[in-house]
Structure formats: C-alpha cells, structure tokens
Amino acid sequence: MPRPTGRKVYAHAKLRRLRREHGMNQVELARELGISTSYLNQIEHSQRPLTAAVLLRIAEVLGVDPEFFSEAEEERLGTDLRTALADEACGGAVPTEEIAEVSRNHPEVARALVALHCGYREALARVVDLGEPGTGAVIRPAEPHDEVRDFFYTHHNHIAALDEAAERTAQRLATTTAGRTAAALAARLGERHGVRVLDADHQRPDRGQPDHQRPGDLRPDRRQLDHHRPGDLRRYDPAAGTLRLSPWLADGQRAFQLATQLALLEHRPLLDTLVAAAGPGLTSPQAADLARIGLANYFAGALLMPYTAFHTAAEELRYDIDLLGARFGVGFETVCHRLSTLQRPGRRGVPFSFLRADRAGNISKRQSATDFHFSRLGGTCPLWTVYEAFSSPGRILTQVAEMPDGKRYFWIARTVSHGGFGHRAPRSEFAVALGCELRHAHRLVYAEGVALDAAGAATPIGLGCRICERRDCAQRARPPAGGRLAVEPDRRSRVPYAVLGDSPGTGRWPGPS
C-alpha cells in the first residue's frame, strides 16, 4: 500500500483511466468493488478519499499495485507543468493550486502542455544555434539522451522483467565475488555464443604469435589487438566473435562489461520488447538504440547485485554504500545507481533519487524512485549539497534539504573519478548524490548524529531560479517567473531580483498553497 504520510489518498483521474482501459463502466466496476455507483463517482472525481479496504479491492480487481495511487507521478507532472507555464512565452504566472488541479484531474492535458513546451524550447534553441534565418536547416527533435532519461524516469527506474532475468542468471552462475563472476560470464559467452573474451593491449601486436585461445579464455589474442581502440572499455566484433576489454578494468568493472554484452546477446528479444513498449517516447532510432544500451546496463547491475540478496544486504548494512560496494565488488557510483532501483512490490527498499553532475552543474544522470522532481530546463539550485561535494573530494556529505512546497529530503553526495591510469590519461570528475524523503532517513547509517527534525536543520533549496518561489534567497541568479521586479533606487537588499506580489507595496511573493 502507499506508505503512510498523514495525508489522505485520492484516486484522482487514475481510477477513471484505469477503469476505461479495462472496458468497464462505473456501474460494472462499482458492482465488482462492492460499493455504490455514486460512491465510485465521488472517488473518481476526488470528492472522497480511498479507504484501505477499497484500495485493496481496486488493486485486486484491476490488477495494480496499491502504489499505483501514490501522488509521486502527479507531483512530478505538476512540477513539469509549472516549469512549462513559467516560461516567458506564456505571458504570466499561473496559480500553483490551478497547476496542481490540472495535473491531478486532467493529466493528459498536462502532459500535452509539457510536450508542447518542450517542443517549443527545442525549436527555439535550434533557431538560436542556427543564428541566421532562411538557412533551410531542419529543426531536430529532442536529444536522444534526454528521451532515454525520461524513459527510465517514467518507469521510476525499476524494470521488473530485467531484474528477474538478471537474478535468474546470477543464480545459475552461482558466484559470490566479482572476479569469479567475470570468469563465469566469460565462460558463458564462450559456451553459449561462441564469443572469445580478450584483454586488449595498447601496444602494437606481435602478428607472429600463435593463437592458442579457446572460447571463454581470458588471455589476450595478441594478433588482433590492433583493432581495439585505446579508449574503449568494451568492444565486440560479431564477425570475428571476439569481445575485447580494457586491461585497466577492475574486477567489478570487468564483470559489468561482460554482463552488459551478455544482455545484448542473450536477452535481445526482451530488450527489444521493452524498447518497443516505450512507443512514441523514443522518437528516433538513436534514442531506441540508447535505451537498449541503458537496459543492458541495468541488467548488468542487476546481475552483479541480484535484487533479493542486494536488498537484504542494504537493509542489514543500513544502506552503507562502501560496505555494499565491498560485498558485491563494485564501485560507489554503481552501488548508488542500484540503490535507486529497489522498488519491487513486497520487497521495496528506500525510494531514492539518484543523480550525477559535473562542476558546471550539468546533470548527466538523473533517476528517481521517489517524488523528487528534477528540473528539465535551466540550472539546478547551487545550495544543493551535490555541488558542495566538489570542495571535499572523496568525502560523503549529508544535507537535509527543504523544497519550496515544504517537503524535506535527506541527501548524501560524494565525488567520483573516471578515467585511465598514468600522468597523461584523461580523467573526469563528477559528484553523485542519493536522496530520499526525510521520513526514510532514519534507515540510513548516514543519518546518525544528524538533527533531522531540528527547526533550522534544513537548507532551503529549489528546482532552479526560474521556477523557484523563494523570495528571500541571496543565491538567486534570475527573477522568478511571474513576479514583478521591485526596482528601488534608494534601497539595496542582500536579495537579488526582489519581486513584488499581486499588488504594489505588499512585498509578497505568492508561494504554493
């Protein structure tokens, strides 16, 4: 059932849409639920909340998890709609309560408006990039990477079919360490798919050396290494039946790359089915291919960290990322990503949001199993601890953060580095972060000693200056949408871009109701 939050649970438009998908009218569904038609009508129009008994009966009759009626999806949609309507092109601010009402009761209308706005922004950005009118250039659709991020975001970063397939494969391999898992995966690739796994070498090969390898052998084939690109972590040659891995990979990284290739070869029909189910959400072959790769990576993580064993260990170790990494032989970022996927009905973990950002504020990964909303447009909040992590490399930082709507989250963040070895090897640095609603924080080892409920413990953050409703933020980089600037020559405030409320002189900025 939806987790208790002290708030009543309403069906909003979800029950109405679900009923229609099952080809039932209100009379038929009311009969199946054992309630009156008028009561069902009130539930569908959010005039009556769902009782526990009715919720369980709906789940049984219509075949959905009770979590289907959580408010996370509506709140995400509301944030996207608020972002769209905050654009200057919309001509003015729309009251927060009206945005919430549209998101709850008319979600398809809200999604259409968000899609229109995304299309408008993409077109506008392309026009700006082109610079000169009349060039005849074609405006391209949304970036494939963004569509794939939205694909996983829509699924709350949990793909049940892949989790189950990966867990079955892990049970058949019956290995407990990353090094042994890599060897077992290499053997499986050789036996089932005729793939030879080779260690790539950055030196030019000795063409006169004989090839003594067997399928699944991990020793390098030095006659063919010149086909490997030095920057590749993994390169599969289907014509030659070879898979070359970088010699710099740790055991866990090696196993991950092998598991990814296994998914692409052994579970291709399942990957294709999942991609096809995305429908119009993936608008190009590039987006579909990227989604397939993302799903293969998901499978790899689920194989190295099988759901049941990993969930049990996470609860036992109180979500200690370093200890989980040591137990399963993977890195910090990989553990964080896996923790954000633990949403199997009946065995749910802490619902985390996961992200990875660089120093410039670009978010290259964002997944969420909770109702935290990532801004699709513009920058994020500089007060967020994910950006502070760069000032303390390698240390885990914690933060209690409060959003403008009053919701509080507990965040942990740490830097991670990617790249090769050696003085001249290019490297990249990111900050990764995990966050959950504050009510789950007591389950995490990182919350020990943190005054979670103290009045002044929370850092006020927002989704981005353009849609943030806070009027007293000294870090603001641009005025909020819909606010009228308070231009006062005889006064200098510490708050940049001060705004007035609905009427001059009130000094109020209308926040969420």
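Determine the gain in length on full extension of the stretch residue 391-residue 286; use 0.36 nm per residue of separation and subtract their C-alpha separation, reporting nm with one decimal. Please report the intermediate quantities before stating the final value.
Values: separation 105, 0.36 × 105 = 37.80 nm, distance 3.65 nm.
Answer, rounded to one decimal: 34.2 nm.
Under 15 Å from the 7 Å Cα→Cβ point of residue 308, by amide nitrogen: which residues of the range 152-176?
Counting only backbone N, you get 163-175.
With θ taken as phi - 60° and the coefficients 6.51, -1.76 and 1.60, list the Karplus ³J(HN,Hα) couplings across the range 432-443 in order, rounded to whole Hz; mark glycine and proline as x.
10, 9, 10, x, 9, 4, 4, 5, 9, 4, 5, 7
Would you kindly give the portion of the calculated P(r) for the range 305-347 that falls above 11 Å, as a percent of all Cα pairs?
Details: 549 of 903 pairs.
So the pairs more than 11 Å apart make up 61 percent of the total in the range 305-347.
Hey, rough spin-label estimate for residue 358 and residue 452, points 7 angstrom out along Cα→Cβ, what's it come to in nanometres?
For residue 358 paired with residue 452, the spin-label model returns 3.6 nm.
Hand me the chymotrypsin sites (Phe, Trp or Tyr not before Pro) from the range 408-492 located in a DSSP loop with no more than 10 other Cβ atoms within 10 Å, in residue order please. Walk me through the intermediate numbers first.
Details: sites: 409, 410, 411, 421, 430, 446; in loops: 421.
Qualifying residues, ordered by number: 421.
If you put +1 on each Lys and Arg Cβ and -1 on each Asp and Glu Cβ, how big is the dipole of the range 12-70 around its Cα centre, in Debye rounded to 20? Working shown, then result.
Details: 8 positive and 7 negative charges, 44 e Å.
So the magnitude is around 200 debye.
How high is the FRET efficiency from residue 293 to residue 488, r the C-beta distance, R0 51 Å, rounded to 0.05?
Numbers: r = 54 Å, r/R0 = 1.06.
Calculated transfer efficiency: 0.40.
How long is the gain from residue 17 to residue 445 if the chain were fully straight, where each residue apart is worth 0.36 nm and the alpha carbon distance is subtracted? Show your work: numbers first, answer last.
Numbers: separation 428, 0.36 × 428 = 154.08 nm, distance 4.08 nm.
Gain on extension, residue 17 to residue 445, equals 150.0 nm.
Given the C-alpha centroids of the range 141-178 and the range 432-477, what is the distance between them in whole angstrom?
29
Could you give the nm distance between label points at residue 402 and residue 46, where each point is 7 Å from its Cα heading toward the beta carbon?
2.5
Mind running the shape call on the range 336-460? Use the C-alpha gyration tensor, a ≥ b ≥ c as the square roots of the eigenvalues: rounded below 1.5 for a/c, prolate if a/b tops b/c, oblate otherwise. Before the final figure, lay out the partial values.
Working: a/c = 1.66, a/b = 1.46, b/c = 1.14.
Cα axes put the range 336-460 in the prolate bin.
Treat the range 12-70 as a sphere of radius equal to its Kirkwood radius over Cα pairs and apply Stokes-Einstein at 20 °C in a medium of 1.002 mPa s; give the translational diffusion coefficient in µm²/s, rounded to a whole number.
The calculation lands on 191 µm²/s.
Can you spot the lysines whose alpha carbon is less than 28 Å from residue 365's alpha carbon? Ignore those fewer than 8 places along the same chain.
407
What does the extension gain come out to for residue 172 and residue 57, with contour length at 0.36 nm per residue minus their alpha carbon separation? Intermediate results must be reported in sequence, preceding the final value.
On the way: separation 115, 0.36 × 115 = 41.40 nm, distance 3.77 nm.
Additional length available on full extension: 37.6 nm.
So how far apart, in nm, are the two label points at residue 344 and residue 27 if each is 7 Å from Cα heading toward Cβ?
Placing both labels 7 Å beyond Cα along the Cβ direction yields 4.4 nm.
Relative contact order for the range 300-420: what percent, with Cα pairs under 8 Å and sequence separation of 6 or more? Before the final figure, lay out each step's value.
On the way: 137 pairs, mean separation 17.5, N = 121.
After rounding, I find 15 percent.
None of the figures in this text is laboratory data; all of them are computed from the coordinates on show. Only a predicted model underlies this, so the values are computations on that prediction, with no experimental measurement involved. Cβ coordinates were reconstructed from backbone atoms using ideal geometry, including for glycine residues, and neighbour counts include every protein chain displayed.
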